[in-house]
Amino acid sequence: MKTSLDCLPCFVRQALEAARFVSDDPALHEQLARELLRSLAELDFAQSPPLVAQQLHRRLRALSGNPDPYRSAKDHANALALAALPALRAAVQDSAQPLLTATRLAVAANAIDMGIANALTDETLRAALQSAPEDEGTGQVPNRQEALLGDTEDYVEAVARAESILFLADNAGELVVDRLLVEQLGPARVVLATRGRPVLNDVTREDAITAGFAGLRELIDNGSDAPGTVLEDCSAVFRQRFAEAPLIIAKGQGNFETLSEVTLGAQQQLFFAFKVECPVIAKDVGLPLGSFALVRAKAAAQSRH
């Protein structure tokens, strides 16, 4: 996905929010803002938004001297999600369609995204963990936005057929809820991939261990510190896993922004699972802002890798 002119104010907002989250020093806030504005004047709009965010957060870490400035926020989100997990697991177990219910819960938890909003309060986090609607089979979905929209039938069929599944994780806290989905997918056939290095509140291998994953086929990282999956910036090991995976489930808008135009092999399928938090992405996927999206990678994209 290419960067849009409408992304520019979001970059500035994210820079200021991130700088203020990491430091109380107004001089650092101003320096980061000025550096970003200079870089935006020469921005290559053909690149995806997470590449801009990658450079922004690299600079923020350098200026602050903190290699993982969101560590405490990630730990807190993980703790809240772990506390909520038993009730969420019960909802999946009581569901007539546990795979879709677990997927919907995982998408609801995708709201725990500090690239969208740094000021995530406990109330916001708890709301994200409790915002999935009633079970698909009960007919009690309260509104269109909270229904799981997109290619759900294709997704269920693809999950049933896949011998192995590459699961691209997104945010801390959210990853704890992803455990419920991985349990439905079958941990023995899931390769879980995290970011290679800290960026925002995106998950690393450390977070996956904290989240309590067990029985996985494999736990890997992608070797990159982009808040998405920029294949050219990922390790050779990860790129091989990506190329070999018959089914890929990619969580979060960052993964959609970086992989929506990727070429897949003839036998591969890729599904994006995320909450639509951006008007540009809402227009691209044809879903309302705030929707719970489960969309299959476009067939037309299978010609570029």
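The values are calculated or read from the model by the stated rules, or taken from the named source; none is laboratory data. Because the structure is predicted, anything quoted here is derived from the model rather than measured. Counting neighbours? That spans all protein chains shown, and the Cβs are built from the backbone with ideal geometry, glycine included. Surface areas here come from the heavy atoms of the whole protein model, side chains and all, with no ligands, DNA or RNA. Shrake-Rupley method; radii C 1.70, N 1.55, O 1.52, S 1.80 Å.
A few notes on this one:
- Accessible surface of His76, taken over heavy atoms with a 1.4 Å probe and every protein chain present, rounds to 80 Å².
- Tail beyond 23 Å, pair distance distribution of the chain (Cα, percent): 53
- Within region 215-295, all pairs of alpha-carbon atoms sorted by distance into 5 Å bins from zero give the percentages 3, 14, 24, 24, 17, 12, 6, 1.
- Inter-label distance for Ala41 and Asp24, nm, one decimal - labels placed 7 Å from Cα along Cα-to-Cβ: 3.4
- Paramagnetic reach from His76 (point 7 Å along Cα→Cβ, amide N under 15 Å) across region 161-178: 172-174
- Only the Cβ atoms of Lys and Arg (+1) and of Asp and Glu (-1) were treated as charged; on that basis the dipole of region 23-118 about its Cα centre amounts to roughly 220 debye.
- Axis of helix 98-108 versus longest Cα principal axis of the chain: the two differ by about 20°, to the nearest ten degrees.
- When the P(r) of region 25-114 is calculated, the portion above 16 Å amounts to 69% of the C-alpha pairs.
- Gaussian network model of the chain, springs between alpha carbon atoms under 10 Å - residue of Ala87, Ala18, Ala147 with greatest fluctuation: Ala87
- Take 270-279, 166-175 and order them by the average number of nearby Cβ atoms within 10 Å per residue, most first; the result is 166-175, 270-279.
- Rg then Dmax, both in Å and based on the Cα atoms of region 166-220: 10.0, 29.
- Values of log10 I(q)/I(0) for region 140-291 across q = 0.18, 0.19 Å⁻¹ run -1.15, -1.28, by the Debye formula with one identical scatterer at each alpha carbon and no solvent.
- Normalised by the number of residues in the chain, the mean separation of alpha-carbon contacts (under 8 Å, six or more apart) gives a relative contact order of 20 percent.
- Neighbourhood charge, 11 Å Cβ-Cβ cut-off, centred on Asn255 and excluding it, Lys, Arg +1 and Asp, Glu -1: -1
- Entry comment: accessible area of the chain is 42 Å² per residue, from protein heavy atoms only and a probe of 1.4 Å.
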